[in-house]
Amino acid sequence: MYTQVEPPPLTPLRPPDTLRESQGGGPEFPSCDAFGMHYCNDFTFDEDLKAIEPDYRFYYECLMAPNARSVLNAMKRMDKLGEITTIATGHGPLLRHNLVELTERYRKWSSAKANAEARAAVFYVSDYGYSDRLSQAIAHGITKTGVAVDMMDLKNADPQEVNELVSHATALIIATPPASGTFATQVQAAVSTILAAAKDKQVVGMFECYGGDDEPVDTLLTKFLDLGLRKGFNSIRVKDTPNEAIYQLCEESGTDLGQKLTLKSKNKKLKSLDAEMEKALGRISSGLYILTAQKGNVTGAMLASWVSQASFEPLGFTVAVAKDRAIESLMQVGDRFVLNILEEGKYAPLMKHFLKRFPPGADRFEGVKTYSAENDSPILADSLAYLECEVASRMECSDHWIVYSTVSTGKVSNPDGMTAVHHRKVGNYY
Ligand SMILES: Cc1cc2nc3c(=O)[nH]c(=O)nc-3n(C[C@H](O)[C@H](O)[C@H](O)COP(=O)(O)O)c2cc1C
């Protein structure tokens, strides 16, 4: 799921509170990772806002959203610098032409994230194995569900700060600490502080760092479970150099945990809709489709009904994808996928299969007949028709992304077949 981001930094991610004034106290300063993007064109600066904004947002979601509070703190310090003319980002174009617009977006996004109802604390160990990138993938998965994340490096952790973070967290995610080595004692002391501050209402998740000398996951997890904490996801065990499939497992584990934390409040909000309006909204009907995508060894699939043709020239359509869907990470601008159109009278087995609750990292195509599209995504052999598509733009609509995609090719397998139609009674679910 992290395939859109160029290899994220394996060096520790410098939190944005390292923003600092330039030597002369002037209005130009390096921002390290903040305000960056993994984007490259011929321009040194941010002349073309339209071209850079999808990457700017995606980079923020992956790397900065889990640090939303630090972003806001750093921006408070930036405000004191007076008018800033340039931000020299560590990745992507330097910001000059749209500086206010782009920085204010950080403020808006971070304020929304920092004020979430539930919080997860992710404790990792910078420079140890693959802890940085694995923790970022988990954190990204959690933030997709609207749960706020605070990340803390156990290598330099202040016991009082650890205490505070744990006491405000709904969930604790912990990287297994190194059993020996230069910073083992420090990290283990920090883990003991977490244990001492943990409460039985919290959920806990563990992941290995693949550092070669990790403490055993089960021993540490048992200590938390003995205190009464519940398991947020199955411990992530890393037996080989992490690949995209492992990062996908991490992201989906994070999303799973976040969904558990937000389930009650989401259901409550949906139930509070006006009953008559809800029924009227339910009269909006649609077809039934399955989105399928493959990028390298990462795959995704989702049943969708909020699909509608949106343009003639070029041929394009929109699909509304909930922000916490696993496949959402495979539907960034430029990504390619297949829209499988289901057939009336024949859709039930495919619908049943893809509506299963898949555990994180599961192969959603197991037992399903597929063949490969030109864009490498799986085509469902039992669908009525398929379209090969590319994401052209995305519009944020509260809890969904409206993904506008253009179509490059397509085929109907049964010329007499009709598209499956989905009628609903109420509008508070699909
Ligand atoms: C009839 C029906 C239509 C659906 N349409 C959509 C849709 O258009 N967009 C969406 O995000 N989810 C839609 N869903 C929900 C997802 O298909 C389903 O929750 C998803 O497969 C779970 O995937 P996840 O593991 O990524 O959360 C629909 C569900 C049903 C039952």
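So that you can scan it fast, the table gives a plain yes or no per residue for (1) hydrophobic (A, V, I, L, M, F, W, C); (2) without any contact (Cβ under 8 Å) to a residue 40 or more places away in the chain; (3) surrounded by fewer than 23 Cβ atoms within 10 Å (Cβ to Cβ):
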position	(1), (2), (3)
D158	no, yes, yes
L172	yes, no, no
T176	no, no, no
A179	yes, yes, yes
A189	yes, yes, yes
Q202	no, yes, yes
C209	yes, no, no
V217	yes, no, yes
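More than 15 Å from the ligand (Cβ to nearest atom), under 23 Å from the mean Cα position of the chain (by Cα) and assigned to a strand (DSSP E or B): which single residue out of V338, V333, V319 fits that description?
Working: V333 fails: assigned to a strand (DSSP E or B); V319 fails: more than 15 Å from the ligand (Cβ to nearest atom).
When all the criteria are applied, what remains is V338.
Of the numbered conditions (1) assigned to a loop (DSSP other than H, G, I, E, B); (2) not assigned by TED's automatic domain parsing to the domain that holds L261, T103 fails exactly one; give the number of that condition.
In the conditions (1) assigned to a loop (DSSP other than H, G, I, E, B); (2) not assigned by TED's automatic domain parsing to the domain that holds L261, T103 misses (1) alone.
For the stretch 239-283, enumerate the residues that are basic (K, R) and more than 25 Å from G146 (Cβ to Cβ). Let's see the steps before the verdict.
Our first condition is that a residue be basic (K, R); within the stretch 239-283, this holds for 239, 260, 264, 266, 268-269, 271, 279, 283.
Result: K239, K279, R283.
Scan L270, L263, L291, L303 and give me the residue that is within 15 Å of the ligand (Cβ to nearest atom), free of Cβ contacts under 8 Å to residues at least 60 places away in the same chain and not in a strand (DSSP E or B). I'd like the intermediate steps shown before the answer.
On the way: L270 fails: free of Cβ contacts under 8 Å to residues at least 60 places away in the same chain; L291 fails: not in a strand (DSSP E or B); L303 fails: not in a strand (DSSP E or B).
Only one candidate qualifies: L263.
Taking only the stretch 142-179 into account, find how many residues are in contact with a Pro (Cβ under 8 Å, 6 or more places away or on another chain) and part of a helix (DSSP H, G or I).
3
Just checking, which of A392, A362 is assigned to a loop (DSSP other than H, G, I, E, B) and surrounded by fewer than 19 Cβ atoms within 10 Å (Cβ to Cβ)?
Working: A392 fails: assigned to a loop (DSSP other than H, G, I, E, B).
Result: A362 is the single residue among A392, A362 that is assigned to a loop (DSSP other than H, G, I, E, B) and surrounded by fewer than 19 Cβ atoms within 10 Å (Cβ to Cβ).
Assuming G345 fulfils every condition listed in (1) surrounded by 11 or more Cβ atoms within 10 Å (Cβ to Cβ); (2) more than 12 Å from the ligand (Cβ to nearest atom); (3) not aliphatic (A, V, I, L, M) apart from one, which condition is it?
Result: G345 passes all but (1).
Do we find a residue being of a type in the set (K, R), assigned to a helix (DSSP H, G or I) and out of contact with any Leu (no Cβ under 6 Å at 6 or more places or on another chain) anywhere in the stretch 194-206? Outline the logic, then answer.
Kept after step one, since they are of a type in the set (K, R), are these residues of the stretch 194-206: 199, 201.
Then keep just the ones that are assigned to a helix (DSSP H, G or I); that gives none.
Scanning the stretch 194-206, I find no residue that is of a type in the set (K, R), assigned to a helix (DSSP H, G or I) and out of contact with any Leu (no Cβ under 6 Å at 6 or more places or on another chain), so the answer is no.
The values are calculated or read from the model by the stated rules, or taken from the named source; none is laboratory data. From a predicted model like this one, the values you see are computed outputs, not experimental measurements. Glycine gets a Cβ as well: all are built from the backbone with ideal geometry, and neighbour counts include every protein chain shown.
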